[in-house]
Amino acid sequence: MTITEVKIRKLFTGEEIKNDRVRAIVSVTIDGDFAVHELKVIQGLERIFVAMPNRQNHDGSYQDIVHPIGTEARKQLENAVLEAYWNALEEELEAASAEVAK
């Protein structure tokens, strides 16, 4: 599996994150042929992680719609998404700093 593209669709910063653990909404393209939308970068209690797209069942529980089967695939996906997230966050902070410096 090759992750050919990671797009940060929405980056949550500042006031937007006060009452929510979601830090970004992401789309990925795999092998240039398969797109997965609505992955979420989540601030957990101990670390930031990637949550797969899911739906709510009738009993109120949630079930992933799509997910990696193996540990290595999950690690590869999470590393690619988090790298893109940290890069986008850094760009956002640099832009905000440049704006303040004006």
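The numbers here are math on the coordinates, done by the rules we state, and not lab data. Keep in mind the model is a prediction, meaning the values are calculated, not measured. Because the Cβ atoms are built from the backbone with ideal geometry, glycine has one as well, and the counts that use them run over all protein chains shown.
Points to keep in mind about this one:
- Cβ-placed point charges (K, R +1; D, E -1), dipole of the chain about Cα centre in debye, nearest 20: 240 debye
- Note on the stretch 3-101: the C-alpha convex hull projects to 7.9 nm² when averaged across all orientations.
- Working note: 222 nm ellipticity from helices only, DSSP H runs with n ≥ 4, each -39,500 (n - 2.57), summed and divided by the residues of the chain, gives -11000 deg cm²/dmol to the nearest 500.
- Helix 71-101 axis versus longest C-alpha principal axis of the chain: approximately 20°, rounded to the nearest ten.
- The gain in end-to-end length when the Phe34 to Met1 segment is fully stretched comes to 10.8 nm, 0.36 nm per residue minus the alpha carbon separation.
- Stretchable slack from Val100 to Ile48, in nm (0.36 nm times residue separation minus alpha-carbon distance): 15.9 nm
- Total lysine pairs whose alpha carbons fall under 26 Å of each other in the chain (8 or more apart, or interchain): 9
- Protection-proxy order for peptides 70-78, 4-12, 52-60, each taking the mean of Cβ atoms within 10 Å per residue, highest first: 4-12, 70-78, 52-60
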